Each structure stands twice: as C-alpha cells, then as structure tokens.
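Each value in this text was obtained by applying a stated rule to the coordinates, not by laboratory testing. Note that the structure is a prediction, hence the values are computed from the model and not measured. Positions of Cβ are generated from backbone atoms using ideal geometry, with glycine treated the same way; all protein chains shown enter the neighbour counts.
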Ligand SMILES: Cc1cc2nc3c(=O)[nH]c(=O)nc-3n(C[C@H](O)[C@H](O)[C@H](O)COP(=O)(O)O)c2cc1C
C-alpha cells in the first residue's frame, strides 16, 4: 500500500474543529485539486459556493437539521451540480437551451461528487478534516434562495472543512469480496454478506473507545434511509431545469 492509499483508508468524517482558519492559498489548492478529477465530456458541471456570511451559514445549518458543524467549521462550501455554463455554451453555439435530460442530471451529479471527493482527499492530505453535508437537501429551496442559485444549478451537498479537534475511529467498510463481482452480479450472496457485515460491525461498534454502541449496520442504516426520502426533490430538481425527460 502506498501513501496515497494509506491516506484514503484512514479517512473518517470530522465534525469537531479547532478555531484555526484555513489559509486562502490552501483552500484554493484544495479546490484546484478537486477540479483535477475526471469530468464527463469535460463538462466540468460543478460550482463551489463558499459561505462566509455567518447569517447565511446559520440559515443553511438550520435547513440541514441543525448541524452545528456547519456553523463551527473554518470553511463551509456548498457543492453545486451546475449546467449553467453548459446551457450558455449550448445557446452560444446555436444548440438551444438545455432540455433537462436525466442523463445530464446524472453527468452533472457524478462530476460534482468526483470533484468533491478529490477536494476532501486533498484537504485530508494537508491535515485538515471534513464532512459532507447531504442534510442541505432537507430544504434545498432555502439553500438555493440563500445562495441565489440560478436555474440549471442545484445544491448537491455541502462540505465542512477545518483543523480536527477530535477524530472518529475509521469505520470498517464491507470486505472487498462483498462488493466485487466477477463477470456477473452474485445476487445470491447478498443476504449472507449483509448478515456477516452486521455481525462484524456490531463488534466494531461495541469495542469503540468513544461513542460505543450496541448496534449492527443494517438496522440504523435501513432506518436512516427511510428518514431521508426527501419527496420534494423531484419537483425541486425539475423546477431548476433537471430531470424533465
Ligand atoms: C453525500 C454525503 C452526504 C453526507 N451528509 C452528511 C450530513 O448531512 N451530516 C453528517 O454529519 N454526515 C454526513 N455524511 C457523512 C457520512 O455520515 C459518513 O461519511 C459515513 O457515516 C461514513 O463515515 P466516515 O466518513 O467517518 O467513514 C455524508 C456523506 C456523504 C458521502
């Protein structure tokens, strides 16, 4: 394993930060590293909105369910899937306004996620910690309004960054054998894989130094996914010009 892989495998989300700031030059280097991710047809369909205004941060923290680390982090950014520039390019080149194809939504969302993960990894390589904030999709209208996001742009998730005050233990992922299929998808292995992972995850949770709990993986995860149905998302995205056909 080389140093890059080691860094990747040491990732854990950080939600507790010191009061130290992040130099603007470091922040810019992190964003530049994010932009180096591959991009579907080189559309570069993302924008980063850095939120420095404390009232705006507060509004977004509340919209995200009261997540205090959005207020406390040295930097909080909203990572947007952004087809605004491609829309302009299409009009400029006589192709007309974007129609809102599902494929374009997927391409922009994937581009944004790849850029975001590159950013977090770059930040972690500099000793920073961070956490993504999908909670902003609890009330995406408020986020879009607070940040004056135009049509063809939607807030995908947030990113808090800061110097770690406290780090969680690394959460053990599923074994490679569970997620790696060869030639065909092995659906027959799903139940046993989840059951095995539940068992090993319960042992991990029980033995954690801080925040030990008695739980497996599937129960809280199945519960959490029910709580995040966000039924408003389809109408919200369509109103922004996505997922229309
Ligand atoms: C797209 C995305 C959205 C997330 N949203 C939140 C969030 O709103 N609040 C939060 O505290 N953590 C959030 N997380 C962090 C996950 O809870 C975390 O990555 C997961 O539990 C695994 O833990 P680890 O990152 O420490 O390994 C999010 C992660 C991703 C990838």
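The angle between the Cα long axis of helix 54-63 and the main principal axis of the chain comes to about 60°, on a 0 to 90 degree scale.
Residue order for 30, 225, 91, fewest other beta carbons within 10 angstrom first, comes to 225, 91, 30. By the beta-carbon count within 10 Å of each Cβ, the least crowded to most crowded order of 194, 143, fewest first, is 194, 143. Helical runs assigned H by DSSP (4 residues or longer) give the chain a calculated mean residue ellipticity at 222 nm of -13500 deg cm²/dmol, each run adding -39500 (n - 2.57) before division by the residue total.
Using bins 10 angstrom wide from zero, how does P(r) for segment 123-240 break down, in % of all Cα pairs? Spelled out per bin, shortest first, that is 10, 25, 30, 28, 7.
If I fit a long axis through the Cα atoms of helix 102-125 and take the longest principal axis of the Cα atoms of the chain, what angle between them do I get, 0 to 90°, rounded to 10? Helix 102-125 sits at roughly 60 degrees to that axis. When the chain is treated as a Gaussian network with alpha carbon springs shorter than 10 Å, the biggest mean-square fluctuation among 215, 193, 177 belongs to 177. With respect to the chain, whose longest principal axis is taken over its alpha-carbon atoms, helix 24-35 is tilted by about 90°. Put simply, segment 1-102 fits an ellipsoid with semi-axes of 31, 21, 13 Å; these come from the alpha carbon gyration tensor as the roots of five times its eigenvalues, largest first. Of all DSSP bridge pairs formed entirely within the chain, close to 100 percent run antiparallel. Spin-label model, residue 91/residue 166: points 7 Å from Cα along the beta carbon direction are separated by 4.9 nm. Using the Cβ-Cβ distance between residue 58 and residue 16 with R0 set to 22 Å, the FRET efficiency works out to roughly 0.75. When the Gaussian network model of the chain links Cα atoms closer than 10 Å, the mean-square fluctuations of 150, 175, 164 top out at 175. Here the average projected area of the convex hull drawn through the C-alpha atoms of the chain stands at 15.8 nm². Full extension of the chain between residue 222 and residue 7 yields a length gain of 74.5 nm, computed as 0.36 nm times the residue separation minus the alpha carbon distance. Residues considered: 100, 227, 66. Largest GNM mean-square fluctuation over the chain, using C-alpha springs under 10 Å, is found at 227.
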